[in-house]
Every structure is written in structure tokens, then in C-alpha cells.
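To keep things clear, I will list the structure first and then write my remarks on it.
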Amino acid sequence: MESATGRISAVRGANATVEVLSPLACRRCAAGKGCGAGIFQDATRTRKIQIQIPLHMTVSVGDDIELAIASRHLLRAAVLAYALPLAAMLGSLGIFWVLSENASDGQAVVVAIFGLVSGLLLSRRLLKRESICEQFVPVIGAVPDVG
């Protein structure tokens with residue numbers, strides 16, 4: 001699991017507001033609805049995110065906690081964000097190469113750009129779905145021992 005440390009700033013029922021020192025990655029992450037990967041980058045800015053408190057855990061305001069995202073979820077996010085556009089680009093180039101006999105380099109570049117843009121648009125569309133993004137929201141992994 002990839003992890004970062006945060007501090008509980010508010011508790012409301014089964015949810016907690018956690019302050020994490022990290023850069024702002026995107027609008028979705030800023031709204032607490034993104035993949036959550038941005039909280040694991042360099043510490044330059046404090047952000048507040050909403051986290052569901054596990055049933056077996058008791059936390060209170062001021063507690064330092066460890067936030068975690070499973071490695072498999074980070075891999076899925078990377079596949080959607082990076083591998084899908086790359087696969088679309090390479091796939092379109094492969095199809096173009098098979099179907100064309102005397103293609104120029106310029107045509108291949110245009111096809112590659114078309115494939116890349118198509119893959120980026122598909123990736124972006126998929127990552128806007130709540131059902132896909134909710135698996136990338138970090139969870140409370142542990143409350144570090146103090147003392």
C-alpha cells in the first residue's frame with residue numbers, strides 16, 4: 001500500500017475531515033472526489049479530504065492517521081490514465097501500418113496523434129465516472145502509535 005500521514009480536523013458521524021500536506025493535483029482531487037494519488041506527492045500545501053472511518057476504528061480531532069491506497073488501485077489508475085491512451089495510439093498505428101502500403105511518416109504521425117487523443121478522451125471519460133473513481137479514494141490505514 002502507498003501511504004501518507006494526515007491529521008483529523010473534524011469528525012461527523014462515520015466521516016472524518018483529514019488535513020494532508022500535499023500539492024493540488026486536479027479539480028477532482030481538490031473536491032475530494034479524485035483518485036487520491038495527489039496526497040502521496042511532495043508536501044507543499046495542506047489539503048482537506050473527506051474519509052470514511054472504518055467501523056472498527058475510533059478517531060478523534062487531532063489524531064494523526066495514516067492514509068492508504070492499495071497498490072492495485074494505484075495500478076488501475078495508472079492504466080486508465082496512461083496505458084489506455086498509449087494503447088490507443090499504438091493500436092491505431094498498428095492498424096494503419098497493416099492497412100496502408102505506401103504511407104508517409106507524416107501520415108503515421110497524424111494517425112498516432114489521433115489515436116493518442118482518442119485514448120485520452122476515453123480515459124478522461126472513464127475517470128469522470130463515480131463508480132470508477134470511488135475505488136481510488138484513500139482510506140484510513142492505521143492510527144500511528146504515539147509515545
**OP:** Could you line up Ser123, Ser131, Ser71 from fewest to most neighbouring Cβ atoms inside 10 Å?
**Re:** Ser131, Ser71, Ser123
Original post:
DSSP loop GluC sites (Glu not before Pro) in the stretch 44-140 with at most 10 other Cβ atoms within 10 Å of their Cβ, which ones?
Top reply: Glu101
Original post:
For Arg47, which sequence-distant residues (separation of 5 or more, or a different chain) have an amide H within less than 5 Å of its own amide H, given hydrogens modelled in the peptide plane?
Top reply: Val20, Leu21, Ser22
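No value in this document is a laboratory result; all are computed from the given coordinates. None of these values were measured; they are calculated from a predicted model. Don't worry about glycine lacking a Cβ; one is built from the backbone with ideal geometry, like all the others, and counts go over all protein chains shown.
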